[in-house]
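J.: This is the structure, below, for whatever I ask next.
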């Protein structure tokens, strides 16, 4: 790191802070990301497999457009925000970044108004889906505006406010989706209209309650080059990330059918549970923390401890998912669930966990504003994923697509680490990773093969889960750490 490190961090205090905020943000993340999960049984119950496949592709179009047209400001804001101590300076940075963001939102909305039918024809082969594309792009623009607002709340550690907004988003989106589907059953525009109106209400409420304290009538012109530089690099990286996530849908649609796109998208979305309950809450609190405390002398120790907590909790989630996959999937997907969908779900969950480690290993590139290096990894791995999908999907079908996802999810943090270690590195506790792998492996073997040949009852599954937790506690923590965990839990619960 190029910046001078000053006083030590109080590691225990920061871990407590991380734990408290991660728990609160976890609730907010579950609420925010659970929109997609709770919408899954609603949409699969109201739409055919073909229509759900179209819905997934329209979502892909919106996600890729938003990844470019948010202009990188949600990513650039935290990096510049903590370079200043004065509250007035920070407000000016927020206002400056917001004005740039609004320009991107207006551009996306203009494209939605003028060219939605043409976009539907190119990607979906049917002009009639133009209305769905238009509403999706409008909703996407409002969504990335609100993500910017949520980032501001996290910078101020206003975790409760963030959770309230997230819960409202969840409730409003589900209610409005059911309302619009009741008005026009089977209408693909319904969920996108619901998102648009829900996000519009959230944006207006944020401005009403926080506008006077967040905005100032002055921009930070001196910071514009840094915002644009970091933002542009973030756009390139985000677009590469979107290619990684969505390439498989296009290839499945080309080699197979829209119904297969629907099956894969449904199982993949359930696999993103790991993202909902672990990766997103961690990112929301960890990203500002690692920037705010980057100049402290023992920041590497904090990285190592938080990384350890991440992989341990991730292992617990994977074990739970493996043991209860056959119970969980039918609750969220109204289509018939077979072994193929279980395999896709679990491979996706593992891939999400591995990919989540990028939030740690990329620190050096973020600290030094070298986001283009991050983007180069994304595009290289996107090319590998394209070749893997083209090779595996024609032979192995949907499982081949999930294997390609797991491969590239592993290559991303490895590639990022090779670039970032020059600027910042921390000790990775490999002994924990190895111990955790041994504990997780039997549950995965059961889920991939045993569950379809042998019946294991609820009591046995709960006993298995409890035994795994005990093993994790004994094998993934040192004796001193187990004592610290006890003290930490006692303090945390006070």
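J.: Using helices alone, what [θ] at 222 nm do you get for the chain, with -39,500 (n - 2.57) per DSSP H run of 4 or more residues, divided over all residues and rounded to the nearest 500? Can you show the working numbers first?
T.: Details: 19 runs with 401 residues, N = 494.
Value at 222 nm, helices only, nearest 500: -28000 deg cm²/dmol.
J.: Order of 406-412, 174-180 by packing, highest average Cβ count within 10 Å first? Don't jump to the answer; show the numbers that get you there.
T.: Working: 406-412: 20.7, 174-180: 17.1.
Going from most to least packed, we get 406-412, 174-180.
J.: A further question follows. What is the Cα centroid distance between segment 396-443 and segment 112-170, reported in whole angstrom?
T.: Cα centroid of segment 396-443 versus Cα centroid of segment 112-170: 30 Å apart.
J.: What ranking do 218, 296, 421 get, fewest neighbouring Cβ atoms within 10 angstrom at the top?
T.: Placing the least packed residue first, the sequence is 218, 421, 296.
J.: Could you work out the relative contact order of segment 244-494? I mean the mean sequence separation of Cα pairs under 8 Å and 6+ apart, divided by the number of residues, in percent.
T.: It comes to 28 percent, rounded to a whole number.
J.: Over all pairs of distinct alpha carbons, what does the Kirkwood formula give as the hydrodynamic radius of the chain, in Å? Numbers along the way, then the final one.
T.: Working: mean 1/r = 0.0425 Å⁻¹.
Kirkwood hydrodynamic radius for the chain: 23.6 Å.
J.: A further question on this structure: Stretch residue 338-residue 205 to full length: gain in nm at 0.36 nm per residue minus the Cα-Cα span?
T.: On the way: separation 133, 0.36 × 133 = 47.88 nm, distance 4.35 nm.
Length gained between residue 338 and residue 205: 43.5 nm.
J.: Can you sort 355, 84 from fewest to most other Cβ atoms within 10 Å of each residue's own Cβ?
T.: 84, 355
J.: Moving to a separate point now. Going by average Cβ neighbours within 10 Å, how do the peptides 123-129, 370-376 rank, with the highest at the top?
T.: Output ranking for 123-129, 370-376: 370-376, 123-129.
J.: Pairs of Cα atoms under 8 Å, at least six residues apart: use those to get the relative contact order of the chain, whole percent. Each step should come with its number before you reach the end.
T.: Values: 658 pairs, mean separation 111.0, N = 494.
Normalised by residue count, the contact order of the chain is 22 percent.
J.: Based on the mean of other beta carbon atoms within 10 Å per residue, what is the order of 450-457, 188-195, most packed first?
T.: Descending mean neighbour count gives 188-195, 450-457.
J.: Grab the Cα-Cα distance for residue 380 and residue 83, subtract it from 0.36 nm times how many residues apart they are, and report the gain in nm with one decimal. Intermediate results must be reported in sequence, preceding the final value.
T.: Details: separation 297, 0.36 × 297 = 106.92 nm, distance 3.16 nm.
My answer for the length gained is 103.8 nm.
J.: In nanometres, what is the gap between the two model label sites at residue 470 and residue 434, each 7 Å from Cα along Cα-to-Cβ?
T.: 2.5
J.: For segment 244-494, what is the convex hull (Cα atoms) projected area averaged across all directions, in square nanometres?
T.: Averaged projected hull area, Cα only: 15.1 nm².
J.: Which length gain, in nm to one decimal place, applies between residue 254 and residue 456 when the Cα-Cα distance is subtracted from 0.36 nm times their residue separation?
T.: Full extension of this stretch gives 68.8 nm more.
J.: Starting from the Cα gyration tensor of segment 31-219, take the square roots of the eigenvalues, sort them a ≥ b ≥ c, and report rounded, prolate or oblate (rounded when a/c is under 1.5, otherwise prolate if a/b is larger than b/c, else oblate).
T.: prolate
J.: Could you compute how fast segment 322-387 diffuses translationally, taking Rh as the Kirkwood radius over C-alpha pairs and applying Stokes-Einstein at 20 °C with viscosity 1.002 mPa s? Give it in µm² per second. Could the numbers behind the result be given before it?
T.: Values: Rh = 14.6 Å.
Rounded, D is 147 µm²/s.
J.: Mind sorting 445, 381, 440 by how few other Cβ atoms lie within 10 Å of their own Cβ, fewest first?
T.: 445, 440, 381
J.: Return the whole-Å distance between the Cα centroid of segment 363-381 and the Cα centroid of segment 177-224.
T.: So the separation of the two Cα centres works out to 30 Å.
J.: Return the distance in nm (one decimal) between the two label points of a simple spin-label model at residue 298 and residue 215, each offset 7 Å from Cα along Cα→Cβ.
T.: Result: 4.4 nm between the two label points.
Values in this text are rule-based calculations from the coordinates and carry no lab data. For clarity, every value in this text was computed on a predicted model and none was experimentally measured. Because the Cβ atoms are built from the backbone with ideal geometry, glycine has one as well, and the counts that use them run over all protein chains shown.
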